[in-house]
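Step one of this worksheet: look at the structure below.
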């Protein structure tokens, strides 16, 4: 499995973190530092994924992108030109999940019998109850084995986070400013819930999300130590922390796990995000 974490802060930023380990459903040993598990869905929307098998992730995301583009074809009003609505993103992710799941299930369950989903329906109509019931039950209970954590911004610039789970169900997180998916989700959430997130300065939110990710590595949950950390602002601009910066945060966290990040660390994070255009150059550090 894996870990994906997203947190939003009131200043108009979303912070994301994930590991880079990939697995292949148990058939092949997992490999570390192999894949970035964060993908663009829209201009101001990102999706992180977690699961036992990475196979469906990329085609599902690509299908969601295509569906989203279909729903956002011109003509658009001037206000609509630089964003996709939360409703459209949810629809696209839900439909992409549903279609991808049906294709995977059909290949696994129906192909051995040389059947298609349409032909399975005909079995039901023809009254071939036993075979139809067995195959139909297997189709309905099929689990794609992957979930997504989607985050982005609506037209007002408000950060949004929601999940997409089998069989394409959208799960909102309500008023919470953070969520996590994957085998280490409960441990990550236990760390995030201890202190507020939304009201913190952006650099402190980055530190808290890193802290939550690092905490999942100590348990035997199949989570890799290699970490991707990115920050997206309300305009869709995205910046990434370097390996050196992530190691610095990890070292500080290991030395004083209960303390707030140092001023120097927060300055380094903010300067990195300024250089990448995510934070404005006149952004002022508030301690």
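Taking 100, 118, 217 in turn, the Gaussian network model of the chain (Cα-Cα springs below 10 Å) assigns the largest fluctuation to 118. Stretched out straight at 0.36 nm per residue, the stretch from residue 111 to residue 194 would grow longer than its current Cα-Cα span by 25.0 nm.
Between residue 10 and residue 242, the C-beta separation translates, for a Förster distance of 35 Å, into a calculated FRET efficiency of about 0.85.
For the residues 156, 169, 94, a GNM of the chain with alpha-carbon springs under 10 Å puts the largest fluctuation on 156. For the chain, the 222 nm mean residue ellipticity estimated from helices alone, with every DSSP H stretch of n ≥ 4 adding -39500 (n - 2.57) and the total spread over all residues, rounds to -11500 deg cm²/dmol. Mean sequence separation of contacting Cα pairs (under 8 Å, at least six apart), scaled by the length of segment 3-275, corresponds to a relative contact order of 28 percent. For the options 246, 181, 173, a Gaussian network treatment of the chain with springs between C-alpha atoms closer than 10 Å singles out 173 as fluctuating the most.
Extension gain for residue 40 to residue 158 (0.36 nm times residue separation, less C-alpha to C-alpha distance): 40.7 nm. To the nearest ten degrees, helix 263-275 and the longest principal axis of the Cα atoms of the chain are 60 degrees apart. Modelled spin-label separation between residue 99 and residue 136, with each label point placed 7 Å from Cα along the Cα-to-Cβ direction: 2.5 nm.
Bear in mind that the values in this text are calculations on the coordinates, not laboratory data. Note that the coordinates shown come from a computational prediction; the quantities given were computed from them, not determined experimentally. When we count neighbours, we look across all protein chains shown, and the Cβ atoms used for this are built from the backbone with ideal geometry, even at glycine.
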